Each structure stands twice: as C-alpha cells, then as structure tokens.
Amino acid sequence: MSLFNYITNLLGLKDNNIIFNDNIESEQIRGITYKVLFAKLTYKANSCPCCNATSNLIIKYGTKTSKIKLLPLNGNPAILNLKKQRFLCKKCNHTFTAKTNIVDQHCYISNIVKQHILSNLTKKISEKDIAFMNYVSHSTVTRCIDNDFKKFLPDLDCLPKQLCFDEFKSTKDIKGAMSFVYCDADTHKIIDIVETATLYA
C-alpha cells in the first residue's frame, strides 16, 4: 500500500483526486496546537459550471488553499491544508474551484466530522461537550442538528400492520404525566416516542 493510500484510509477520506505529501506540521490556533496535514486537490475539469463549455476551453488557473477540520489524531486536533485547483473558462471568463466529496462547498468542516457529531448525539452527552470533543463551536453542533435532523424523523407515510404501544414515565419537563411509545410488533423497532398520548395527529 502506498503512503498516499495509507493516509487516506487512516483519515477516512476517499477521494482519488487528493494527493497527500509526507509533510506534517504543528500550528497554534486560538491557543490549541493542531496537527496540520498537506495535500492538493486537482483533476481535469470536464465542463464549465457557468456556460457548460467543454474541457478544451478550460485551463488550470492557480490554486486556492482551504483549511479543513478533520477528526482528532491520537487525541490531537487535526487540520487538512488543502490546495484546491482553480480553473478558468476561456469562453465566459468564469473561474471556479475543484470540488471534493470530503467537504461541502464553502465549508471548512469535513463531512466525516459532521457524521461524528451526529453519532455523538445518540449518546447522553451535552452539545457543549460534543463541541469540545470535536474541536468545533457549539453553534456548529447546533447547525449539524438543524441541517440533518430530518434524516432521523420517523417515516409515518407507511405504518406496519401491527403496532405495540405503551405509556411510560420519561422526563420531568414533558407536558403530560406519561410519554407514549409505539413500535413494530414484528421487528420491535421503535417508530416514535411522543410526549403524551393526548397529542393531536
């Protein structure tokens, strides 16, 4: 296995267009020492996103460096210093930057960090502690919840043939005395938990 493949597998970054070098440095950011990895993102652009010009009218036009936050390495926060290839379209003079699936456009937090934040939300940990563990701000954790909460909503368009349901005492801040839970009678998979059985559908 090559050094580049070893690094990408270690970091969980799967993009064949990213080329790592063997340089690793330390950098102080707001009193925290980060491990900084260096890589370049480059490929041949097939078309212009503005005018759809073909690749023969697109030239490489320098690079743009982005600092992307990664998961901690050996307990140390990590950053990827990624040089993204820029392109120039000769037809419309529009410039654009190479894209990668490891991070969303105009974002500096990698998608693998966002996935880790969402997995932390399944545990009994406060949002503040999740932010501390992932070296992000509390508002970043809140944005991850707001952007991805729909993925975790139960699908109520189709219910199973048989349901099991019960009432139980959950938390002190609920509106009613008891919460209501219902699940699939065959798989025992919980479909939803609501504050009280008296809520309107």
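The values are calculated or read from the model by the stated rules, or taken from the named source; none is laboratory data. Remember, predicted model here, so these are calculated numbers, not experimental data. Quick reminder, even Gly has a Cβ in these numbers, built from the backbone with ideal geometry, and neighbours come from all protein chains shown. Just the protein is used for accessible areas: all its heavy atoms, side chains included, with ligands, DNA and RNA removed. Shrake-Rupley method; radii C 1.70, N 1.55, O 1.52, S 1.80 Å.
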Quiz item: Within segment 46-68, which residues are of a type in the set (S, T, N, Q), in a strand (DSSP E or B) and exposed (fewer than 14 other Cβ atoms within 10 Å of the Cβ)?
Solution: Ser47, Thr54, Thr65
Quiz item: In this structure, is Leu71 aliphatic (A, V, I, L, M), open to solvent by 30 Å² or more (accessible area, probe 1.4 Å) and in contact with a helix residue (DSSP H, G or I) (Cβ under 8 Å, 6 or more places away or on another chain)?
Solution: yes
Practice problem: Tell me, yes or no, whether segment 22-38 has at least one residue that is over 20 Å from Pro77 (Cβ atoms) and aliphatic (A, V, I, L, M). | Solution: no
Practice problem: Would you check which residues across segment 86-101 are in contact with a Ser or Thr (Cβ under 8 Å, 6 or more places away or on another chain) and surrounded by fewer than 20 Cβ atoms within 10 Å (Cβ to Cβ) and list them? | Solution: Arg86, Leu88
Practice problem: Sort out for me the helices (runs of 4 or more DSSP H) sitting completely within segment 84-150 that have 2 or more residues that are modelled with pLDDT under 90. | Solution: 111-120, 138-148
Quiz item: Pick from segment 1-45 the residues that are assigned to a loop (DSSP other than H, G, I, E, B) and of a type in the set (A, V, I, L, M): which of them is modelled with the lowest pLDDT?
Solution: Met1
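Taking Lys114 as the residue in question, decide whether it is in contact with a helix residue (DSSP H, G or I) (Cβ under 7 Å, 6 or more places away or on another chain) and either among the acidic types (Asp, Glu) or closer than 25 Å to Arg143 by Cβ (or both).
Numbers: in contact with a helix residue (DSSP H, G or I) (Cβ under 7 Å, 6 or more places away or on another chain): yes; either among the acidic types (Asp, Glu) or closer than 25 Å to Arg143 by Cβ (or both): yes.
So Lys114 passes the test.
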Quiz prompt | Subset of segment 118-168 [of a type in the set (A, V, I, L, M), touching a strand residue (DSSP E or B) at 6+ places or on another chain (Cβ under 9 Å) and surrounded by 11 or more Cβ atoms within 10 Å (Cβ to Cβ)] | solution = Met133, Val136, Leu159, Leu163
Quiz item: If you check Thr187 against the conditions, is it at pLDDT 85 or above, closer than 30 Å to Gly31 by Cα and exposed (fewer than 14 other Cβ atoms within 10 Å of the Cβ)?
Solution: no
